[in-house]
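K.L.:
Okay, here's the structure, questions in a sec.
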Amino acid sequence: MIDLHTHSTASDGTLTPEALVELAAKKKLTAIALTDHDTVAGVPRAVEAGRKAGVEVVPGVEVSVDSERGAVHLLGYFVRPDDPSLQAKLAQWCQARQQRARRIVERLEELGIGISYAQVAELAGSESIGRPHVARVLLGAKAVRSVEEAFERYLRRGRPAYVPREMPEAAEAIALIRSAGGVAVLAHPATLALKGTDLEARVKELHALGLDGLEVHWSGHSMRQRRDLLALAKKLSLLVTGGSDFHGDNKPGIQLGSGRRGNVRVAESVLEALRRRCTLSI
Ligand code: AMP
Ligand code: FE
Ligand code: FE
Ligand code: ZN
């Protein structure tokens with residue numbers, strides 16, 4: 001079994017790239033993709049750890065793009081981590097993340113919650129600062145009892161400390177992933193909050209921009225959603241991928257290599273199909 005959607009301390013996961021790979025080895029996964037938000041900083045460390053542990057590590061990234069209903073996530077697999085355009089854009093997007101985190105802290109202050117940006121940056125320990133880092137500082141300050149509660153009360157869209165972030169259009173993100181030698185996959189399509197023909201129309205648009213696949217098997221998708229997405233992928237000749245979206249303790253319900261109900265099983269053949277697509281487009 002493999003897991004093509006994981007996060008490390010290089011973004012908002014709680015395991016270091018090395019610890020993530022060790023856990024994968026312990027769980028007898030043969031491959032994982034490291035897909036941190038807007039950064040590939042953890043990739044070299046994970047690849048090296050994978051070499052030692054006998055786990056293939058696919059270089060990956062998860063980028064956020066704008067959509068009418070909030071952020072949409074795109075996964076890039078087999079990107080070259082040292083590609084100069086990729087590096088430059090990711091650095092820009094991480095800066096936007098840092099700016100937003102400062103503004104979130106200001107909002108929280110207005111709400112009477114005294115945490116500092118320095119605390120958030122220190123806890124993040126990476127360029128890619130996300131709301132889960134703010135949530136964990138809030139937890140540490142006993143302002144909330146869980147990361148989940150921090151999102152529900154303050155951080156999610158519509159809540160008082162929500163601050164939007166500057167994000168690229170899908171066209172730019174897909175082109176960037178492909179120009180860095182990668183394959184572009186729409187992450188957890190259910191979070192688009194579209195159904196039926198609306199979902200199909202949006203996926204077709206992305207397909208026209210160079211999208212290669214759909215993340216059908218994801219820990220938060222119901223069986224019905226998976227069945228519908230599988231049919232859509234077949235219809236549009238898109239690759240089918242899957243992964244848990246493991247974030248360590250930031251999302252305690254999600255295990256590496258499996259979903260909430262232990263039902264994200266992704267076969268090695270998925271990785272072979274991605275690899276083939278990637279070499280074909282070189
Ligand atoms: P950001 O990247 O800063 O916009 O934060 C989004 C990240 O927060 C997602 O990638 C998830 O890891 C996490 N997240 C979003 N909603 C929740 C939630 N309700 N509870 C816990 N984590 C969440
Ligand atoms: Fe995340
Ligand atoms: Fe995501
Ligand atoms: Zn993710």
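K.L.:
In the stretch 53-70, what residues are in a strand (DSSP E or B) and aliphatic (A, V, I, L, M)?
P.N.:
Hits for the stretch 53-70 are Val57, Val58, Val61, Val63, Val65.
K.L.:
Further, regarding this structure: In the stretch 71-88, what count of residues is obtained for those that are outside any strand (DSSP E or B) and either touching an Asp or Glu at 6+ places or on another chain (Cβ under 6 Å) or within 16 Å of ligand 1 (Cβ to nearest atom) (or both)?
P.N.:
1
K.L.:
Of everything in the stretch 19-52 that's within 24 Å of Gln87 (Cα to Cα) and assigned to a strand (DSSP E or B), which residue is nearest to ligand 2 (Cβ to nearest atom)?
P.N.:
Top of the filtered list is His37.
K.L.:
What are the pairs, 6+ residues apart or on separate chains, where a residue within the stretch 218-245 that is over 15 Å from Gly196 (Cβ atoms) has its Cβ under 6 Å from a residue that is modelled with pLDDT of 95 or more and part of a helix (DSSP H, G or I)?
P.N.:
Sorted first by the residue in the stretch 218-245, then by its partner, the pairs are Val240/Ala233.
K.L.:
Does Asp38 satisfy the condition of being under 16 Å from the mean Cα position of the chain (by Cα), among the acidic types (Asp, Glu), buried (at least 17 other Cβ atoms within 10 Å of the Cβ) and in the same structural domain as Val216 (by TED's automatic domain parsing)?
P.N.:
For Asp38, the condition - under 16 Å from the mean Cα position of the chain (by Cα), among the acidic types (Asp, Glu), buried (at least 17 other Cβ atoms within 10 Å of the Cβ) and in the same structural domain as Val216 (by TED's automatic domain parsing) - is met.
K.L.:
Could I ask something else about it? If we scan the stretch 219-236, do we find a residue that is within 16 Å of ligand 2 (Cβ to nearest atom), more than 19 Å from Ala171 (Cα to Cα) and touching a Lys or Arg at 6+ places or on another chain (Cβ under 9 Å)?
P.N.:
Checked the stretch 219-236: at least one residue is within 16 Å of ligand 2 (Cβ to nearest atom), more than 19 Å from Ala171 (Cα to Cα) and touching a Lys or Arg at 6+ places or on another chain (Cβ under 9 Å).
K.L.:
Can you say whether Ser8 is surrounded by fewer than 24 Cβ atoms within 10 Å (Cβ to Cβ), modelled with pLDDT of 95 or more and within 13 Å of ligand 2 (Cβ to nearest atom), as far as the supplied structure shows?
P.N.:
No, not satisfied.
K.L.:
Ok, one more. Condition first: of a type outside the set (Ser, Thr, Tyr), out of contact with any Gly (no Cβ under 8 Å at 6 or more places or on another chain), assigned by TED's automatic domain parsing to the domain that holds Leu192 and within 16 Å of ligand 4 (Cβ to nearest atom). Can you find one or more residues in the stretch 44-57 that meet it?
P.N.:
yes
K.L.:
While we're on this one: Can you report the number of residues in the stretch 205-219 which are surrounded by fewer than 21 Cβ atoms within 10 Å (Cβ to Cβ) and either at pLDDT below 90 or under 19 Å from Phe78 (Cα atoms) (or both)?
P.N.:
3
The values are calculated or read from the model by the stated rules, or taken from the named source; none is laboratory data. These figures come from a predicted structure and were not determined experimentally. Quick reminder, even Gly has a Cβ in these numbers, built from the backbone with ideal geometry, and neighbours come from all protein chains shown.
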